[in-house]
Amino acid sequence: MAPHSWIIRVYNMPTQKKKLEFKQGRLPSKLRDRLADFVRKLYGEEFIDLIPVNLKYVCFERDLCLIYEKPLRGLDNLTVLFNAPWIAIYVNKHVLPSIPLVARIYREKGVRAAIVVKEQGVKAFLYGNDILVESVLKKIPPDKGVYTVIDGEDGEILGFVEWSEKKKVYVNLYDIGLFLRKLG
Amino acid sequence: MNIDIASVYRDIYTTPTQEAVELALKYGYLPYMVQRYIDMLGLNNTLKLLEAFEKRVKPVVRTNTLLIQPRELKKRLEKLGFQLEEIPWSRESYWVVSQPESPSIGATHEYLKGYYYVHRDATSLIPVYLALHEYSGDVLDACAAPGGKATFTAQLLHDKGVVYANDLVLYRLKAVIGHIARMKLNNIIVTWSDARKLRDKLKKRFYRVLLDAPCSGEGRISVDPGRKTRTSLLDLAIMVKREIELLYSLADLVEKNGLLVYITCSIAPEENEYVVNKVLEARSDLEVVEPPLKLFNYAKGLTEYRSLKFKDELEHCIRIWPHIHGLFGYTICLLRKRN
C-alpha cells in the first residue's frame, strides 16, 4: 500500500507525549481486486457485490490497516477515520475480509472454509498464536488452505488462519485480539 | 463567541482561607480547590468529600448485548474468579467487586471477543441513558475518546441510528476504532476534528449531541490523584474558555427541539454551571431541562456560587458527588434547543 499520506504528530501536552504513525486514503484498486478474488475463491461469485466500490483505508502501523466504505454524504469537509462495519483488513501484506463481512456471508450461505476450534486453541489464537492440528474440532469445506476460525464454544468468528504444510500448523493471519494488542 | 481569559480568571479567582490551606496540605490538594469545596459544601461535607476521593471506585463491566446476554457474561466472568455486583439502574452493567490475580478484567478472552467494555466508573453510563430516553436516530458524540459513551450509544441504538464519534486527539481515536472493531459494532463513523470547528465542517444537524468536554477531571481524583495538583487557577480559566467555546459552537449543530448534553467529569462549578450560564447568556435558543429519567437520586445543579449568580434553570443540572453517590464526581446538564 503506497504510503502517500503519512502523518506524524507529536503532542505537547504532558499526557500526550506519543508519536503515532498514521496514514489514510482511498484503497488502491489492485487491493480491492485482491479482496474480491479472495471472496470469490472462498465464498463464491455472488458475494462480490458485498464489497463496496468506494473503499478507504486507515493505518496506524505500517502493517495494519482497516478498510471501510466511504460514508455517503455530508462529511466531505471532515477527516473521516473509520466507518463501521469495517469491510476488510490489510495485515502483514494480506488483504482479508472483515469479521462482520464473513458473518454476513455465513448468515446468507452458511459456514464455509472454516475450522472450528477447541477452547485451548481459541485462547492461544486470541493472543496471536497459531493453531495446532490437535485443537481443531472440525474442518468445514471448501479446503482452499485459508480458513476462518470459529470458536467451538459459541460459534463466534475469531479471525483467519492459513495452513502451513512446512510447519504443520494453522498460521495466524489475524485474530480479533489484534485490536486490543495493536490499537489499545 | 469571544471569551476573555482574564475576565474568566477574575470571576473564578479566590483567596483560600487558612482552614482551606491546612486541609489542602493534609490531603495534598491545591488550596483553591479545597476552598471551593468549603464554599460549595461547608466544612463537614468537604471532609466527607476529601475522604471519598481517597477511596477507589469500582470499575464497571458493560455487556455488549449485541453479542451476549448480561447474565451469561456474568456467569463466564465469575467462572474466571471475578466477583460482580449488579448495578440497579443499568440492566447490562456490573460493578467489578473483586478480581483474580490473572487475568485482569481488560485481558480476558471474553473482552478480546468484544463481549463487554470496561468503564472506570459507572457515571459515564448516565448521560447515554438520558440522551437516548425514548429516542432513536443519529447521535453526535463530539469529544468521543476513549469511546465508552460512543460504543454504548451505538449498542443501544443498534440499527436505529448512527453514532458520529469525533475527537481531536488522534492516538485516542486509534483506541476508539479498536473498541468498535473488537465489539463488532456496525453503526459508528469516526471523525478527527476540533469539535469547535464541526459546525462549519458538518452539513448534518442532530437531535442528540453529547459533549463530554475535556476538563480538569477533578471528579476522577480517586483513580488519578495527580489531579489534586495538576490544574492551576490559570489552567482552569483556559479550560473554562475552551468549554464555553465548545458548548456555544456545538449548539449550532442541534436541531430544533433537540438535546445537547453537556458533561464533565468535574465537580467544579467553574467548569459546569458557570460555563452553561455563560452560554445561556449569549444564546436565547437554549434552555436547561430536567432529566427525563430518574436513575437514582441526583443532586441538583447550583444556582449560586460565591458571588456568582446563575440562572434558576441551572438547578435542573445533575451533580454526582463521590461522598453521596459513591461514584466519580460528575456534572450533566441537558440543554434543549428551543423551537
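Flag: A:GLY184 does not match the condition of being exposed (fewer than 15 other Cβ atoms within 10 Å of the Cβ) and free of Cβ contacts under 8 Å to residues at least 12 places away in the same chain.
Quick check on this structure: which one of B:ARG120, B:ARG91 is more than 12 Å from every other protein chain (Cβ to nearest Cβ), surrounded by fewer than 18 Cβ atoms within 10 Å (Cβ to Cβ) and modelled with pLDDT of 95 or more? Don't jump to the end; show me each part of the working.
On the way: B:ARG120 fails: surrounded by fewer than 18 Cβ atoms within 10 Å (Cβ to Cβ).
It is B:ARG91.
For the condition over 16 Å from A:ALA84 (Cα atoms), assigned to a helix (DSSP H, G or I) and of a type outside the set (Lys, Arg), B:TYR129 qualifies. Do the conditions hold for A:LEU137, that is, is it more than 18 Å from the chain's Cα centre (by Cα) and within 24 Å of B:ILE68 (Cα to Cα)? Here the answer is yes, as A:LEU137 does meet what is asked. Restricting attention to region A:142-184, the residues being touching a helix residue (DSSP H, G or I) at 6+ places or on another chain (Cβ under 8 Å) and within 18 Å of B:ALA175 (Cα to Cα) number 8. Applying the condition of being of a type in the set (D, E, K, R) and in contact (Cβ under 8 Å) with a residue 40 or more places away in the chain to region B:159-192 and asking which residue is farthest from the other protein chains (Cβ to nearest Cβ) yields B:LYS184.
Would you check if there is a residue in region B:322-330 being within 20 Å of B:VAL139 (Cα to Cα), among the aromatic types (Phe, Trp, Tyr) and crowded, with 19+ Cβ neighbours inside 10 Å? For region B:322-330, residues within 20 Å of B:VAL139 (Cα to Cα), among the aromatic types (Phe, Trp, Tyr) and crowded, with 19+ Cβ neighbours inside 10 Å: absent. Can you pull out the residues in region A:115-165 that are in a loop (DSSP other than H, G, I, E, B) and within 14 Å of another protein chain (Cβ to nearest Cβ)? If the condition is that a residue be in a loop (DSSP other than H, G, I, E, B) and within 14 Å of another protein chain (Cβ to nearest Cβ), then A:LYS118, A:TYR127, A:GLY128, A:ASN129, A:GLY152, A:GLU153, A:ASP154, A:GLY155, A:GLU156 are the ones that fit. The requirement of being under 24 Å from B:GLY147 (Cβ atoms), in contact with a Pro (Cβ under 6 Å, 6 or more places away or on another chain) and either part of a helix (DSSP H, G or I) or not assigned by TED's automatic domain parsing to the domain that holds A:LEU158 (or both) is satisfied by A:PRO85.
In region B:193-214, what count of residues is obtained for those that are part of a loop (DSSP other than H, G, I, E, B) and facing chain A (nearest Cβ under 7 Å)?
Taking region B:193-214 as the starting set, the residues that turn out to be part of a loop (DSSP other than H, G, I, E, B) are B:193-194, B:202-205, B:213-214.
Add one more test, that the residue is facing chain A (nearest Cβ under 7 Å), and what stays is B:193, B:202-204.
Residues meeting the conditions: 4.
The set of residues in region A:166-184 being facing chain B (nearest Cβ under 8 Å) and basic (Lys, Arg) consists of A:LYS182 alone.
Selection within region A:58-99: residues that are at the interface with chain B (Cβ under 7 Å from one of its Cβ atoms) and surrounded by fewer than 17 Cβ atoms within 10 Å (Cβ to Cβ). The member of this set that is nearest to A:GLU156 (Cα to Cα) is A:THR79. B:GLY106 meets the conditions (1) closer than 20 Å to B:VAL176 by Cβ; (2) surrounded by fewer than 20 Cβ atoms within 10 Å (Cβ to Cβ); (3) of a type outside the set (Val, Ile, Thr); (4) more than 14 Å from chain A (Cβ to nearest Cβ) in every case but one. The failed one is (4).
Going through B:GLU273, B:GLU287 one at a time, which residue ends up being of a type in the set (Asp, Glu) and buried (at least 16 other Cβ atoms within 10 Å of the Cβ)? Please lay out each step first, then the result.
Details: B:GLU287 fails: buried (at least 16 other Cβ atoms within 10 Å of the Cβ).
Exactly one residue qualifies, and that residue is B:GLU273.
Looking only at region A:113-128, count every residue that is farther than 18 Å from A:ILE99 by Cα and surrounded by fewer than 16 Cβ atoms within 10 Å (Cβ to Cβ) and tell me the total.
Step one: list which residues in region A:113-128 are farther than 18 Å from A:ILE99 by Cα, which gives A:118-121, A:124.
Now drop any that are not surrounded by fewer than 16 Cβ atoms within 10 Å (Cβ to Cβ), which leaves A:119-120.
Matching residues across region A:113-128 total 2.
Only a single item in (1) touching a residue at least 12 places away in the same chain (Cβ under 8 Å); (2) surrounded by fewer than 14 Cβ atoms within 10 Å (Cβ to Cβ) is not met by B:GLU86, and it is number (1).
Among the residues in region A:144-167, are any in contact with a Phe, Trp or Tyr (Cβ under 8 Å, 6 or more places away or on another chain), of a type in the set (A, V, I, L, M) and more than 30 Å from B:VAL163 (Cα to Cα)?
First pass over region A:144-167, keeping only residues in contact with a Phe, Trp or Tyr (Cβ under 8 Å, 6 or more places away or on another chain): A:145-149, A:157-164.
Going one step further and asking which of them are of a type in the set (A, V, I, L, M), we end up with A:146, A:149, A:157-158, A:161.
Within this subset, residues satisfying the condition of being more than 30 Å from B:VAL163 (Cα to Cα) are A:146, A:161.
Yes, region A:144-167 contains a residue that is in contact with a Phe, Trp or Tyr (Cβ under 8 Å, 6 or more places away or on another chain), of a type in the set (A, V, I, L, M) and more than 30 Å from B:VAL163 (Cα to Cα).
Looking only at residues in region B:215-226 that are in a loop (DSSP other than H, G, I, E, B) and surrounded by fewer than 17 Cβ atoms within 10 Å (Cβ to Cβ), which one is farthest from the other protein chains (Cβ to nearest Cβ)? Reasoning before the result, please.
To start, the set of residues in region B:215-226 that are in a loop (DSSP other than H, G, I, E, B) comprises B:215-217, B:221-224.
Imposing the further condition that a residue be surrounded by fewer than 17 Cβ atoms within 10 Å (Cβ to Cβ) reduces the set to B:223-224.
On the way: B:VAL223: 14, B:ASP224: 10 Å.
So the residue we want is B:VAL223.
Determine if region B:131-152 includes at least one residue that is within 13 Å of another protein chain (Cβ to nearest Cβ), of a type outside the set (Gly, Ala, Ser) and within 25 Å of A:ARG104 (Cα to Cα). Don't jump to the end; show me each part of the working.
Taking region B:131-152 as the starting set, the residues that turn out to be within 13 Å of another protein chain (Cβ to nearest Cβ) are B:138, B:140, B:142, B:144-147, B:150-151.
Filter again for of a type outside the set (Gly, Ala, Ser), leaving B:138, B:140, B:146, B:151.
Those left that are additionally within 25 Å of A:ARG104 (Cα to Cα): B:138, B:151.
Looking for residues that are within 13 Å of another protein chain (Cβ to nearest Cβ), of a type outside the set (Gly, Ala, Ser) and within 25 Å of A:ARG104 (Cα to Cα), one finds at least one in region B:131-152, hence yes.
Between B:ARG10, B:ARG36, the distinction of being of a type outside the set (Ser, Thr, Tyr), outside any strand (DSSP E or B) and over 23 Å from the mean Cα position of the chain (by Cα) belongs to B:ARG10 only. Only one of these conditions is not met by B:VAL279: (1) within 16 Å of the chain's Cα centre (by Cα); (2) crowded, with 22+ Cβ neighbours inside 10 Å. Which number is it? Among (1) within 16 Å of the chain's Cα centre (by Cα); (2) crowded, with 22+ Cβ neighbours inside 10 Å, B:VAL279 violates only (1).
Being surrounded by fewer than 20 Cβ atoms within 10 Å (Cβ to Cβ), charged (D, E, K, R) and under 19 Å from B:GLY219 (Cβ atoms) is the filter here, so list the residues in region B:12-50 that pass it. Of everything in region B:12-50, those that are surrounded by fewer than 20 Cβ atoms within 10 Å (Cβ to Cβ), charged (D, E, K, R) and under 19 Å from B:GLY219 (Cβ atoms) turn out to be B:ASP39, B:LYS48.
Here is a list: B:TYR111, B:TYR116, B:TYR94, B:TYR171. Which entry is closer than 23 Å to B:ARG242 by Cβ and not polar (S, T, N, Q)? Lay out the reasoning, then the answer.
Values: B:TYR111 fails: closer than 23 Å to B:ARG242 by Cβ; B:TYR116 fails: closer than 23 Å to B:ARG242 by Cβ; B:TYR94 fails: closer than 23 Å to B:ARG242 by Cβ.
Only one candidate qualifies: B:TYR171.
Taking the listed residues A:ILE105, A:ILE67, the one that is out of contact with any Cys (no Cβ under 8 Å at 6 or more places or on another chain) and outside the structural domain of A:PHE38 (by TED's automatic domain parsing) is A:ILE105, with no other qualifying.
The values are calculated or read from the model by the stated rules, or taken from the named source; none is laboratory data. Source: prediction; values computed, not measured. No Cβ is skipped: glycine too gets one built from the backbone with ideal geometry, and neighbour counts run over all protein chains shown.
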